Amino acid sequence: MKNNISDMRKSILRILGLDNLGIGADSITNGVLAIRNESSCHRLLSEPNVTVLRAARIEALECGGKTEIKLVSRNGIWIRAKLPTAVDSCTASELPLYKPRKDYIGPTYKTVSDAIKQFVLADSRIPIIVDTYVPVAGIQCRPRIGCMPTTHYRNQTRLDSGDSIKTGIYKPRIVQPTLLSWIYRRIAGGSHTYHVPWICIGGGNDYLAIICTPPAETCRVSVNDKGLAALEEGVAVALRLKRCSPPWLYTAYLVGNVLSGAPTRLEAKKPAIWSPTGLVPLYASVARNGKSIAIQLVVWNPSPIAVKHELVIEEYRIRDGWLYTGLSRDWEELIPSFNRVHIPLSRNQLAIVSINGVELPPLLRRRV
C-alpha cells in the first residue's frame, strides 16, 4: 500500500541531515519549505543536488524574499525558490547558487545500517545489497557471489587522527562529497580543511582516496597545495587509485562500512534484498502480515548517469510496485517481474518506492 508522502517527509529530512540546519517537516506547507534562518537558507542553496527535496513533495523554497527563480540541478531536475537577493531579468540558475561549503551534509553509513536492519530477522545474517568494497577489511563483496580479497586495491593504509600522507601531486584536484552529489575543487594555495565522509585527492591517473570508517561517521581532513593530506579527526583508510569514482567511494562508505560492522555473518548467497545495478536504500519500513509483506523504501541512484535500476526481493513474489519521485504529484506504477522491479532514475536522484509482495511456497523459495 502506498504511503502518504507527508508521513515520509520527516524521515527524508532526517536522512538528508537537514535537521542539523533546523529544517523540519513543520516548516513545509502546501509543498513550500519555509526557511527563516538566512544562514540555513544560504547553506542549503550551496548544495548542487538540493532537488532531492522533490521526493518529499517539496516544490519550492521560501527564504523570505520576493525574487522568484528556478534552480536547476545537474541532472535537469529543478526546484522553485524565493530569494531576498534582487536578480534582474533572470528566471533560472544552475545549482549550487553559492560557493559549496567544506562541511558535509547528507546520509551516513549509519543511515543505511538502519535501513538494512529492517530486513534482518532474529539471528539472521546481514544481506549484501550491492557490489561494494569493504574499506576496513579490504575485501570486495557481491550479492549472489560472496566476499573475496581484491587485487585492485592492495596499497591500502590505515589512518588515525594526526596521521598524514603524501599524494605526490602539486596543487592537487580534489573531489568532495556533498548532499548526495559531489563537486570538484583545485587546491591553488595554502591548506584547506574538509569535514567529509570521504575525499579524493590527486590528478591525472594518480589519486589518493580517503574513506572514513567506523566508529567515526565523518572525518576532518586537511589538504595543502604541496599535496600533503592530514587526518585531523576520525579514523579512515587511504587507497591509491588510478581514477576517482565518486559513486564507488559513496557506495564503499555507505554500504561497505555497514558490512564491516556487522555483528553476524554476511548473507551473499540469497540476500533478503539486493540490487544488481547498485541502487542504494537509505530508508526502509517493512511490515509483515502472515505471508504478505509491504515495503516502503527511500532509494538513491549514486550513478552520474540515468539508470534503469533493478531491485530484487528474495523469497517473495512482488504483486505491485509504485514509484514517487516528486516530479509529478502522482505515483508511477512499476511493472514487477516475479521477485524484482525496474526503477528508472536520473543522475543522483532520490525516490520513494512502495512494494507489496507475497511469500513464495517453500519448494519454490529453494529454487529461486
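Please give the strands (runs of 3 or more DSSP E) falling wholly within region 105-161 in which 2 or more residues are without any contact (Cβ under 8 Å) to a residue 60 or more places away in the chain.
139-142, 146-149
Looking across region 69-105, the residues that are over 15 Å from Val52 (Cα atoms) and of a type in the set (D, E, K, R) come down to Lys82, Asp88, Lys99, Arg101, Lys102, Asp103. Do you know which residues across region 63-83 are within 19 Å of Ile28 (Cα to Cα), of a type outside the set (Gly, Ala, Ser) and in a loop (DSSP other than H, G, I, E, B)? Of everything in region 63-83, those that are within 19 Å of Ile28 (Cα to Cα), of a type outside the set (Gly, Ala, Ser) and in a loop (DSSP other than H, G, I, E, B) turn out to be Cys63, Lys66.
I'm checking my understanding of the structure. Among residues of region 40-62 that are assigned to a loop (DSSP other than H, G, I, E, B) and closer than 19 Å to Ile352 by Cβ, which one is most open to solvent (accessible area, probe 1.4 Å)? This residue is Arg57. Listed by position, the strands (runs of 3 or more DSSP E) contained in region 163-262 that have at least 1 residues being closer than 29 Å to Ile116 by Cα and either open to solvent by less than 30 Å² (accessible area, probe 1.4 Å) or not hydroxyl-bearing (Ser, Thr, Tyr) (or both) are 173-178, 181-186, 191-196, 198-203, 206-212, 219-224, 228-233, 236-241. Count of region 10-39 residues, restricted to those that are part of a helix (DSSP H, G or I) and either surrounded by 14 or more Cβ atoms within 10 Å (Cβ to Cβ) or without any contact (Cβ under 8 Å) to a residue 24 or more places away in the chain (or both), is 13.
Quick one: which residue in Pro100, Pro135 is open to solvent by less than 30 Å² (accessible area, probe 1.4 Å) and more than 19 Å from Pro215 (Cα to Cα)?
Details: Pro135 fails: more than 19 Å from Pro215 (Cα to Cα).
Only one candidate passes the filter, namely Pro100.
Ile69 - would you say it is modelled with pLDDT under 95 and surrounded by 14 or more Cβ atoms within 10 Å (Cβ to Cβ)? Yes: the conditions hold for Ile69.
Would you confirm, using the coordinates I've provided, whether Arg288 is assigned to a strand (DSSP E or B) and either free of Cβ contacts under 8 Å to residues at least 24 places away in the same chain or touching a Lys or Arg at 6+ places or on another chain (Cβ under 9 Å) (or both)? Yes; evaluated as a whole, the condition is true for this residue.
Would you check if Ala284 is in contact with a Phe, Trp or Tyr (Cβ under 6 Å, 6 or more places away or on another chain) and of a type outside the set (D, E, K, R)?
No, not satisfied.
The values are calculated or read from the model by the stated rules, or taken from the named source; none is laboratory data. Given the structure is predicted, the values throughout are model-derived calculations rather than measurements. Cβ: placed from backbone, ideal geometry, glycine included. Neighbour counts: every protein chain shown. Side chains are part of the model used for accessible areas, which takes the heavy atoms of the whole protein and leaves out ligands, DNA and RNA. Shrake-Rupley method; radii C 1.70, N 1.55, O 1.52, S 1.80 Å.
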